[in-house]
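Values in this text are rule-based calculations from the coordinates and carry no lab data. Bear in mind that the values here come from a model prediction, so they are computed numbers and not experimental data. Reconstructed Cβ throughout: ideal geometry from the backbone, glycine too, with neighbour counts over all protein chains shown.
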């Protein structure tokens, strides 16, 4: 009796360069035990596995430099699924404007940068970057894109920023709450800009038509308010990791609804489905949860690989169908993952890889459900479908 187990391989290399040889050798030995395949079919599969091992070694097959003198840069393919875009500084928050065009914050440099892919083929990926320098001490924290406008929180200068890429004009709006610590930001469908204030423990709204602010005090002290996600203009979701709660602000009723994540603590990652149902990750354990309204536990929890490790730091949903996908970055164990979500919202499959060169991933954004972008070290990395290698090797049960 033969059972088949799934061996998933992704990224630049395995644990060490020699690990590829171990995997390839193991797969070939197992393949030779399959007696139903013809000799020619076995040979083709063995060649494919050997090529797989070469591709995942320290020197990627697809890696080529583009010595373009026009000012563009050559990206560094790490595998068929991962492409690295080195930039100046250490990017943190990331948002996708369109396919091949992503924005990142560079808090250490007081800047915001856009990466635009100009060429993408099997042999080379070229890109250009444009950096928008902000005032010293601005420390941009989080980004949101609405139409063609880039909104951001300037954590260091207590401001909300508005960047128009067409005119390259940057406007800064002073928050009427001293030293508020602006953090997460999102734009509602009606155009209102919502943001959290970590130090002030408040939720804020900026009307871009009048430049007027509205400030709402969160009732639980020391909430450490962070991520904001919005699908409906009257329903604002945000995180309060300091009090272990996910919060919904009902705009029509002017009411905060705080949902505990017990028995787990420190919720940090937040994503919201099109029907306004949130997903959350917690850092006390390596779990993600989907809100289950009307239940005693409030959440349906699913464990990820290494369930005893600290959990994902940021989440993002593709909100596509067949399947919808939940992407995550885990900066604590230096891994990124993608979860296939079934039509009934059940977790169907989890694929996870170690980050290249053991860099620490901070944030992730998506283009549809087949392309993710994440910040890691001094780079932005593109991660594309099918995300990992799937090698079915036979397990002999005697």
Estimated inter-spin distance, residue 349 and residue 274, nm [label 7 Å along Cα→Cβ]: 2.2
Debye calc, one equal point scatterer per Cα of region 264-352, no solvent, log10 I(q)/I(0) at q = 0.10 1/Å comes to -0.21
Most exposed first by the Cβ proxy, i.e. fewest other Cβ within 10 Å, how do 216, 249 rank? 216, 249
What percent does the relative contact order of region 278-398 come to when contacts are Cα pairs within less than 8 Å and at least six residues apart? 16
Calculated FRET value between residue 332 and residue 378, using beta carbons and R₀ = 25 Å, to 0.05: 0.80
Work the Kirkwood hydrodynamic radius out for region 243-397: mean of 1/r over every pair of different alpha-carbon atoms, inverted, in Å. 16.3
With label points set 7 Å from each Cα along the Cα-to-Cβ direction at residue 108 and residue 216, the distance between them in nm comes to 3.6
Scoring region 143-187 by relative contact order with C-alpha pairs under 8 Å, at least six apart, yields a percentage of 40
Based only on other Cβ atoms within 10 Å, what is the fewest-to-most ordering of 296, 326? 296, 326
Separation of the residue 147 and residue 262 label points, Cα + 7 Å toward Cβ, nm: 4.6
Using a Förster distance of 35 angstrom, determine the FRET efficiency expected from the C-beta separation of residue 209 and residue 320, and round it to 0.05. 0.65
Neighbour-count ranking [beta-carbon atoms within 10 angstrom, fewest first] of 281, 79, 235: 235, 79, 281
